[in-house]
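Chemist: I'd like to ask some things about the structure below.
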Protein chains: 2
Amino acid sequence: MTDDASGWGAGVGDEQALDGAFSFAVQATSGRARAGRLTTPHGEVLTPCFMPVGTKATVKAVLRPALEALGAQVVLANTYHLYFRPGADLVRAHGGLHRFMDWPHPILTDSGGFQVFSLSDTRIVGDDGVEFSSVYDGSRHLFTPALAMEVQEALGADLVMSFDQCAPGTLDRDEIACAVERTTRWADECRAVQTRADQLLVGIVQGGVDEELRRRSAAQLLALDFGAYAIGGLSVGERDDQMLATVELMDELLPADRFRYFMGIGDPRGVIEVIARGVDLFDCVLPTRLARTGSAFTSEGRLNLRNARFADDLGPLDPACDCSCCRHYTRAYLRHLVNQREIAGMQLLSEHNLRVLVRLCERARQAILAGDFERFADEVRGRPDVADANERRTFQ
Amino acid sequence: MTDDASGWGAGVGDEQALDGAFSFAVQATSGRARAGRLTTPHGEVLTPCFMPVGTKATVKAVLRPALEALGAQVVLANTYHLYFRPGADLVRAHGGLHRFMDWPHPILTDSGGFQVFSLSDTRIVGDDGVEFSSVYDGSRHLFTPALAMEVQEALGADLVMSFDQCAPGTLDRDEIACAVERTTRWADECRAVQTRADQLLVGIVQGGVDEELRRRSAAQLLALDFGAYAIGGLSVGERDDQMLATVELMDELLPADRFRYFMGIGDPRGVIEVIARGVDLFDCVLPTRLARTGSAFTSEGRLNLRNARFADDLGPLDPACDCSCCRHYTRAYLRHLVNQREIAGMQLLSEHNLRVLVRLCERARQAILAGDFERFADEVRGRPDVADANERRTFQ
């Protein structure tokens, strides 16, 4: 059933107890691809797994019954946004995000680091943290590793992220090197101030697309012995071949018995390629954001429902899809909803696009368990939706 | 179980076969209030019944699973809007609205008459029909009784409405009298051109709040022997006491064995008062429109969730409500969603507001079946949500 277990650490099938109530087991590998099982205080996550993004404690336009129906296992919520609105104290008063947003299954919060860097033009990065202007009212704030942990402990997600400095591969090497050092220092600080045993702290590897810096960052973070590792600083403007080479390097460097989370990838092609390189978990706003503009992933490629050619199309959005949208509605109806700016259009396309990624992961997992992932991946790579020029991918 | 059966026609419990595949039975009365059962080709409607509005073939922000869960039995779709977008031919090509919008239960379409009058400043009313400018592109169009029927037959709803001239009680008496005559002539024309036996054509009584004109309109329409009657021209600016007096008059004039549809009422107080005066069916955009502005019907009165006093409120939106929103979320969470303009806020408040009206009808029906409606109505009238000044009702 399995062919190899790359890297060091526990072999296939060994259950690895992580911090507190967590465990992770690689159940099978096929090439570098891994099928795993993550256990958290709020249930299991079978990997590879795409994680819908619920930035402000709601996956936009998709409520819990629909999320459960489409097979979502874990959702991501955003520390930066929730810190400002409605504030972490309110979420804590609810007993945490699970009750606040009515999602009794696993939740991951990011650390706020990415937004601190991406949402402010006037940030000042120091060794202690980052000073920046809030997108909500322009007020100045200082985010530190300790504050990121304090907020994440109040939010109460199962998986929490260390506070990092996201350094795109397009920056100068010196800047990336500096970000690697800060990220390690901050990760150490996060680890030091963590008080909750029911949250698994994930260390984030930086280093852009520079092999030496990635090796350095990984070595420093491995020395801190995190329960899981994230690959940060990718999908932020670098070339796709550089991104994939870096993911391959990470697969070699990261311990095989900890799950790996790629931060920010959600197009079908990208998802297949990072699964093929040993990634277990990933997230992206792309499926729901595209849906709100009227676009859908389909087996014919990415379609924009505003297009006049769908005006009389009585077929389903994607005959190959098993989601509620594709089983009950026609393209012509969806086009009508999108053109009339009806909320139902956003609801249905969001459900569909999320289901496409969840199903892709489910099928990838089956292929890995069957020891047949490479054949499956090649089949997927040949599909129009994955080869689609819209995906703007430069994979060879 | 019942106390009387007002008016002439079939007594309580007699099943009255209407046109084609339809039947209606008054199962019980309590005072003037009636509990009935309407049978249509797409299932039964137990009355009194509030009908959610799906103007453009979608109840805004509420998909079928949620509509079914909250107990919606029949929805209304809008001939005017669907005629322009996406066009009746496309809906017919789907096999009608039931498949187009994925609602396999009963559907009612209005005739377009109300929008022709309310959505155009430059209409020209003639004896043949109404010329007006489309809200979509300003183009000029002529709606006639024959066209209204042709479009409604293409849309394929179970219940269809005659094309009428809506004449508010605030107009001059001569204008209202003229509208009564036109409405009768047009109703006769609608009846003459109807070809589908699987649609029940509902005649609309006009006459403003003038007793003599109402009597005249009712007599003329009764002579045409419609399978059911609607009370039009109310809830359009007249005083509430005038409106209710007119509904009482209608209760005396309309046959007891046909269902009565009050067009356009959807606040809890108004709903109770028209049920108390023998109305079986009603609709309104108010519950879903209010929801999209962050407002909710609750047992404390109408609440706007934007209000800062809900910022830390960990209680349910309405502890007396059994809807999904009230069972799973706090007011503080809902306020967060509304303030952040999250679609989930519109979804949840729409479901809640619709459930409030559906549940009010369910409870009214139980009270009628128990012969106890007046006691129930008095209890409801005393509730803050019903006595609320926000309802802007002038009932005595």
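Chemist: Modelled with pLDDT of 95 or more, touching a strand residue (DSSP E or B) at 6+ places or on another chain (Cβ under 9 Å), farther than 15 Å from B:MET51 by Cβ and away from chain A (no Cβ under 14 Å), is that true of B:ALA320?
Modeler: So B:ALA320 fails the test.
Chemist: Residue by residue through segment B:54-96, note down the ones that are among the hydrophobic types (A, V, I, L, M, F, W, C) and part of a loop (DSSP other than H, G, I, E, B).
Modeler: Those that are among the hydrophobic types (A, V, I, L, M, F, W, C) and part of a loop (DSSP other than H, G, I, E, B): B:ALA57, B:VAL59, B:ALA61, B:VAL62, B:LEU63, B:LEU70, B:ALA72, B:VAL74.
Chemist: Taking the condition of being over 24 Å from the mean Cα position of the chain (by Cα) and open to solvent by 10 Å² or more (accessible area, probe 1.4 Å), how many residues in segment A:125-135 meet it?
Modeler: 6
Chemist: Still on this model: So, in segment B:82-113, how many residues would count as being touching a residue at least 60 places away in the same chain (Cβ under 8 Å) and not small (Gly, Ala, Ser)?
Modeler: Residues flagged as touching a residue at least 60 places away in the same chain (Cβ under 8 Å) and not small (Gly, Ala, Ser) within segment B:82-113 amount to 12.
Chemist: Using the structure shown, decide if A:GLY371 is outside any strand (DSSP E or B) and away from every other protein chain (no Cβ under 14 Å).
Modeler: So A:GLY371 fits the description; yes.
Chemist: Do you know which residues across segment B:177-200 are buried (at least 24 other Cβ atoms within 10 Å of the Cβ) and of a type in the set (A, V, I, L, M)?
Modeler: Correct list: B:ALA179, B:VAL180, B:ALA187, B:LEU200.
Chemist: Could you tell me which of the residues A:GLU374, A:GLU362 is open to solvent by 40 Å² or more (accessible area, probe 1.4 Å), in contact (Cβ under 8 Å) with a residue 60 or more places away in the chain, under 17 Å from A:VAL74 (Cβ atoms) and not hydroxyl-bearing (Ser, Thr, Tyr)?
Modeler: The unique qualifying residue is A:GLU362.
Chemist: Still on this structure: Consider segment B:113-129. How many of its residues are outside any loop (DSSP other than H, G, I, E, B) and either out of contact with any Phe, Trp or Tyr (no Cβ under 9 Å at 6 or more places or on another chain) or modelled with pLDDT of 95 or more (or both)? It would help to see each step written out before you state the result.
Modeler: The initial filter retains those residues of segment B:113-129 that are outside any loop (DSSP other than H, G, I, E, B), namely B:113-118, B:124-125.
Now narrow it down to the ones that are either out of contact with any Phe, Trp or Tyr (no Cβ under 9 Å at 6 or more places or on another chain) or modelled with pLDDT of 95 or more (or both): B:118.
Total satisfying the criteria: 1.
Chemist: With within 30 Å of A:ASP322 (Cα to Cα), surrounded by fewer than 17 Cβ atoms within 10 Å (Cβ to Cβ) and among the charged types (D, E, K, R) as the only criterion, which of A:GLU15, A:GLU44 stands out?
Modeler: Values: A:GLU15 fails: within 30 Å of A:ASP322 (Cα to Cα).
Step by step, each of A:GLU15, A:GLU44 is checked, and only A:GLU44 is within 30 Å of A:ASP322 (Cα to Cα), surrounded by fewer than 17 Cβ atoms within 10 Å (Cβ to Cβ) and among the charged types (D, E, K, R).
Chemist: Now a separate question. Restricting to segment B:264-282, name every residue that is modelled with pLDDT of 95 or more and open to solvent by 20 Å² or more (accessible area, probe 1.4 Å).
Modeler: B:GLY264, B:ARG277
Chemist: Would you mind stating whether A:ALA332 is under 30 Å from A:ASP241 (Cβ atoms) and of a type in the set (Gly, Ala, Ser)? Give the derivation first.
Modeler: On the way: under 30 Å from A:ASP241 (Cβ atoms): no; of a type in the set (Gly, Ala, Ser): yes.
Considered against the rule, which asks whether it is under 30 Å from A:ASP241 (Cβ atoms) and of a type in the set (Gly, Ala, Ser), A:ALA332 comes out as no.
Chemist: Which one is nearest to A:MET161 (Cα to Cα) among residues in segment A:54-110 that are hydrophobic (A, V, I, L, M, F, W, C) and open to solvent by 30 Å² or more (accessible area, probe 1.4 Å)?
Modeler: A:ALA93
Chemist: Any residue at all in segment B:12-25 that's within 20 Å of B:MET250 (Cα to Cα), of a type in the set (A, V, I, L, M) and at pLDDT 95 or above?
Modeler: Yes, some residue in segment B:12-25 is within 20 Å of B:MET250 (Cα to Cα), of a type in the set (A, V, I, L, M) and at pLDDT 95 or above.
Chemist: Additional query: May I ask you to verify whether A:THR79 is within 20 Å of A:PHE282 (Cα to Cα), of a type in the set (Ser, Thr, Tyr), within 11 Å of chain B (Cβ to nearest Cβ) and touching a residue at least 40 places away in the same chain (Cβ under 8 Å)?
Modeler: Numbers: within 20 Å of A:PHE282 (Cα to Cα): yes; of a type in the set (Ser, Thr, Tyr): yes; within 11 Å of chain B (Cβ to nearest Cβ): no; touching a residue at least 40 places away in the same chain (Cβ under 8 Å): yes.
So A:THR79 does not fit the description; no.
Chemist: Okay, next question. Looking at segment B:41-58, which of its residues are more than 8 Å from every other protein chain (Cβ to nearest Cβ), under 17 Å from the mean Cα position of the chain (by Cα) and not polar (S, T, N, Q)?
Modeler: B:GLU44, B:VAL45, B:LEU46, B:PRO48, B:CYS49, B:PHE50, B:MET51, B:PRO52, B:VAL53, B:GLY54
Chemist: Okay, next question. Take the residues in segment A:292-317 that are part of a loop (DSSP other than H, G, I, E, B) and open to solvent by less than 10 Å² (accessible area, probe 1.4 Å), then tell me which one is farthest from the other protein chains (Cβ to nearest Cβ).
Modeler: A:GLY294
Chemist: Give me the residue from segment B:323-346 that is at the interface with chain A (Cβ under 9 Å from one of its Cβ atoms) and of a type in the set (A, V, I, L, M, F, W, C) and, out of that set, farthest from A:VAL59 (Cα to Cα).
Modeler: In this case the residue turns out to be B:ALA332.
Chemist: Do you know which residues across segment A:201-229 are open to solvent by 10 Å² or more (accessible area, probe 1.4 Å) and out of contact with any helix residue (DSSP H, G or I) (no Cβ under 7 Å at 6 or more places or on another chain)? Show your work before the answer.
Modeler: Initial filter on segment A:201-229 (open to solvent by 10 Å² or more (accessible area, probe 1.4 Å)): A:209-212, A:215-216, A:219-220, A:222-225.
Selection gives A:GLU212, A:ALA219, A:LEU222, A:ALA223, A:ASP225.
Chemist: Out of the residues in segment A:140-176 that are in contact with a strand residue (DSSP E or B) (Cβ under 7 Å, 6 or more places away or on another chain) and open to solvent by 30 Å² or more (accessible area, probe 1.4 Å), state the one that is nearest to A:LEU200 (Cα to Cα).
Modeler: A:LEU142
Chemist: For segment B:211-236, which positions are in contact with a strand residue (DSSP E or B) (Cβ under 6 Å, 6 or more places away or on another chain) and of a type in the set (Gly, Ala, Ser)?
Modeler: B:SER217, B:ALA218, B:GLY227, B:ALA228, B:ALA230, B:GLY232
Chemist: Out of B:ARG341, B:ARG289, report the one residue that is modelled with pLDDT of 95 or more and either part of a helix (DSSP H, G or I) or β-branched (Val, Ile, Thr) (or both).
Modeler: B:ARG289
Chemist: Also, quick follow-up: Mind checking which helices (runs of 4 or more DSSP H) fall wholly inside segment B:179-283 and carry at least 3 residues that are among the charged types (D, E, K, R) and more than 27 Å from B:GLY371 (Cβ to Cβ)? Even if it seems obvious, please write down each step before you answer.
Modeler: Numbers: elements: B:211-224, B:240-253, B:268-275.
Ranges flagged: B:211-224.
Chemist: For segment A:331-338, indicate whether the set of residues that are without any contact (Cβ under 8 Å) to a residue 60 or more places away in the chain, aromatic (Phe, Trp, Tyr), open to solvent by 10 Å² or more (accessible area, probe 1.4 Å) and under 16 Å from B:ASP102 (Cα atoms) is non-empty.
Modeler: Keep residues of segment A:331-338 that are without any contact (Cβ under 8 Å) to a residue 60 or more places away in the chain, which gives A:331-338.
If we keep only those that are aromatic (Phe, Trp, Tyr) too, we end up with A:333.
With open to solvent by 10 Å² or more (accessible area, probe 1.4 Å) added as a condition, the list becomes none.
So far as segment A:331-338 goes, no, none of its residues is without any contact (Cβ under 8 Å) to a residue 60 or more places away in the chain, aromatic (Phe, Trp, Tyr), open to solvent by 10 Å² or more (accessible area, probe 1.4 Å) and under 16 Å from B:ASP102 (Cα atoms).
Chemist: May I ask you to verify whether A:LEU349 is assigned to a helix (DSSP H, G or I), more than 10 Å from chain B (Cβ to nearest Cβ) and touching a residue at least 60 places away in the same chain (Cβ under 8 Å)?
Modeler: No: the conditions fail for A:LEU349.
Chemist: I would also like to ask the following. Specify the residue that is nearest to the other protein chains (Cβ to nearest Cβ); the eligible residues are those in segment A:101-129 that are touching a His at 6+ places or on another chain (Cβ under 7 Å) and farther than 16 Å from A:HIS81 by Cβ.
Modeler: The qualifying residue nearest to the other protein chains (Cβ to nearest Cβ) is A:ASP102.
Chemist: Given the conditions (1) in contact (Cβ under 8 Å) with a residue 60 or more places away in the chain; (2) out of contact with any His (no Cβ under 9 Å at 6 or more places or on another chain), and given that B:SER324 satisfies all but one, which numbered condition is not satisfied?
Modeler: Of everything listed in (1) in contact (Cβ under 8 Å) with a residue 60 or more places away in the chain; (2) out of contact with any His (no Cβ under 9 Å at 6 or more places or on another chain), B:SER324 misses just condition (2).
Chemist: Tell me, yes or no, whether segment B:20-35 has at least one residue that is small (Gly, Ala, Ser), closer than 17 Å to B:ASP283 by Cβ and either open to solvent by 30 Å² or more (accessible area, probe 1.4 Å) or away from every other protein chain (no Cβ under 14 Å) (or both).
Modeler: Scanning segment B:20-35 turns up no residue that is small (Gly, Ala, Ser), closer than 17 Å to B:ASP283 by Cβ and either open to solvent by 30 Å² or more (accessible area, probe 1.4 Å) or away from every other protein chain (no Cβ under 14 Å) (or both).
The values are calculated or read from the model by the stated rules, or taken from the named source; none is laboratory data. The structure presented is a predicted model; accordingly, all values stated were derived computationally and were not measured. Methodologically, a virtual Cβ is constructed for each residue, glycine included, from the backbone with ideal geometry; neighbour enumeration extends over all protein chains shown. For accessibility, only protein heavy atoms count, side chains too; no ligands or nucleic acids. Shrake-Rupley method; radii C 1.70, N 1.55, O 1.52, S 1.80 Å.
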